[in-house]
Amino acid sequence: MTTENTSHEPIDRFGGLLEGKVAVITGVGAAETIGAVTAAVFVKEGAQVLAADISGAQKETALALGPGVVPFQVDITREEEVEAMFARAVEVFGRVDILVNVAGNPGGRRGDEITVEEYQSLTSVHLLGTVLTNKHAVRVMTPNGGGAIVNFSSAASFNTDKLISTAYAAAKAGINSLTKSNAVHHGPQNIRVNAVAPGFTMSKKNRGLPPAIEESLSNKAALARPGTPEEQAHVAAFLASDRASFVTGVVVPVDGGWTAKLA
Ligand SMILES: NC(=O)c1ccc[n+]([C@@H]2O[C@H](COP(=O)([O-])OP(=O)(O)OC[C@H]3O[C@@H](n4cnc5c(N)ncnc54)[C@H](O)[C@@H]3O)[C@@H](O)[C@H]2O)c1
């Protein structure tokens, strides 16, 4: 048996959790974003992936992951682009089994500082983006007998902290609500809808934070460390997989125990 990679399969594989599945993943920016790492984990679990982002960085990410990954530029707040994203996935791979909606944008302001622009930007990407991606995922999954959706929320959706923006927390709480509503509405179509709620995670954007802030956020977790993008991606892969076939309408904290604490 040769170890040479002569097929379109990556060499290093995990357990085949997503063997034969087709996934659309948004927020697949540069290396070390949670979305890019999720795409890599999905490929290692056997999925084919349409890797989508607004930034353009999805092209390099897709190239690095091999021919089972096709890039797509999308702004998830624009319905025609979201519709085109799913159409492209069907054109390339024949169907869509999974949506992982990782795309998000950070905010920094508290209640007495919030601007209308920041509020609109945060609610647009998180709420409208979730509405549109979930809507068109359901539309392409239904004729194929169902599928699985995983949205990305945040530990900030449950409780908050002085370091977390007011409107960001509210928008992520809205994602929890949309996740449960869509699970209830589309369960009869055999579509499961769940969410991952990360705690402080050492993705690309959090590298280079001032050391005092990094330490403070790391120590929020009972495990007293940041999570890794891989730790988020593995939970998303489980929720998207057939092993979670009776799991729908839940928001899973992947936060090292942050939300279990009183403060
Ligand atoms: N990193 C953390 O500590 C943490 C904690 C809680 C929740 N989260 C959530 O996890 C997700 C990923 O986090 P990350 O740290 O990798 O974030 P990130 O900002 O590095 O990546 C987000 C990606 O979404 C893309 N994006 C933004 N707006 C978009 C749009 N309109 N259409 C398409 N793509 C768009 C960006 O280009 C970027 O590639 C986000 O939803 C974030 O809110 C992250």
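Picking from residues in segment 59-70 that are free of Cβ contacts under 8 Å to residues at least 40 places away in the same chain and either open to solvent by 30 Å² or more (accessible area, probe 1.4 Å) or within 8 Å of the ligand (Cβ to nearest atom) (or both), the one that is farthest from Lys204 (Cα to Cα) is Leu63.
Checking the stated criteria, Arg109 turns out to be over 24 Å from Leu18 (Cβ atoms), of a type outside the set (Phe, Trp, Tyr) and in contact with a helix residue (DSSP H, G or I) (Cβ under 7 Å, 6 or more places away or on another chain).
Considering only segment 108-126, state which residues are in a helix (DSSP H, G or I), touching a residue at least 40 places away in the same chain (Cβ under 8 Å) and open to solvent by 50 Å² or more (accessible area, probe 1.4 Å). Once the filter is applied, which keeps residues that are in a helix (DSSP H, G or I), touching a residue at least 40 places away in the same chain (Cβ under 8 Å) and open to solvent by 50 Å² or more (accessible area, probe 1.4 Å), segment 108-126 yields only Tyr119. Remark: Lys162 falls outside the filter, which requires a residue to be open to solvent by 20 Å² or more (accessible area, probe 1.4 Å) and either within 10 Å of the ligand (Cβ to nearest atom) or among the acidic types (Asp, Glu) (or both). When each of Leu223, Leu217 is tested for being in a loop (DSSP other than H, G, I, E, B) and either of a type in the set (Asp, Glu) or over 23 Å from Gly94 (Cβ atoms) (or both), the lone residue that passes is Leu223. Within segment 182-190, does at least one residue satisfy the condition of being assigned to a loop (DSSP other than H, G, I, E, B) and closer than 27 Å to Ser121 by Cα? There is no residue in segment 182-190 that is assigned to a loop (DSSP other than H, G, I, E, B) and closer than 27 Å to Ser121 by Cα. Looking across segment 76-85, the residues that are in a helix (DSSP H, G or I) and open to solvent by 30 Å² or more (accessible area, probe 1.4 Å) come down to Glu79, Glu80, Glu81, Glu83, Ala84.
Taking segment 191-227 as the range and being surrounded by fewer than 19 Cβ atoms within 10 Å (Cβ to Cβ), within 12 Å of the ligand (Cβ to nearest atom) and in contact (Cβ under 8 Å) with a residue 40 or more places away in the chain as the test, the residues that pass are Lys204, Lys205, Arg207, Ile213. Pairs meeting the criteria (first residue in segment 161-177 and at positive phi and among the charged types (D, E, K, R), second residue within 12 Å of the ligand (Cβ to nearest atom) and modelled with pLDDT under 90, beta carbons under 8 Å, at least 6 apart or on different chains) are lacking. The residues listed here are Lys44, Lys21, Lys59; of these, the one that is of a type outside the set (Gly, Ala, Ser) and farther than 20 Å from Asp97 by Cα is Lys59. Candidates in segment 86-102 are the residues that are touching a helix residue (DSSP H, G or I) at 6+ places or on another chain (Cβ under 6 Å) and assigned to a loop (DSSP other than H, G, I, E, B); of these, the one that is least open to solvent (accessible area, probe 1.4 Å) is Val96. Cβ separations smaller than 6 Å between residues 6+ apart or across chains give the following pairs from segment 26-53 residues that are over 23 Å from His126 (Cβ atoms) and in a loop (DSSP other than H, G, I, E, B) to residues that are at pLDDT 95 or above and open to solvent by 20 Å² or more (accessible area, probe 1.4 Å): Glu45/Leu17; Gly46/Glu19; Ala47/Lys21. Considered as a group, the residues in segment 142-159 that are buried (at least 24 other Cβ atoms within 10 Å of the Cβ) and under 23 Å from Phe93 (Cα atoms) include one that is nearest to the ligand (Cβ to nearest atom), and that residue is Asn151.
The values are calculated or read from the model by the stated rules, or taken from the named source; none is laboratory data. This one's a predicted model, so the numbers in the text were calculated from it and none came from an experiment. Here the Cβ is made from the backbone with ideal geometry for all residues, glycine too, and neighbour counts use every protein chain on show. These area figures cover heavy atoms from the full protein model, side chains too; ligands, DNA and RNA do not enter into them. Shrake-Rupley method; radii C 1.70, N 1.55, O 1.52, S 1.80 Å.
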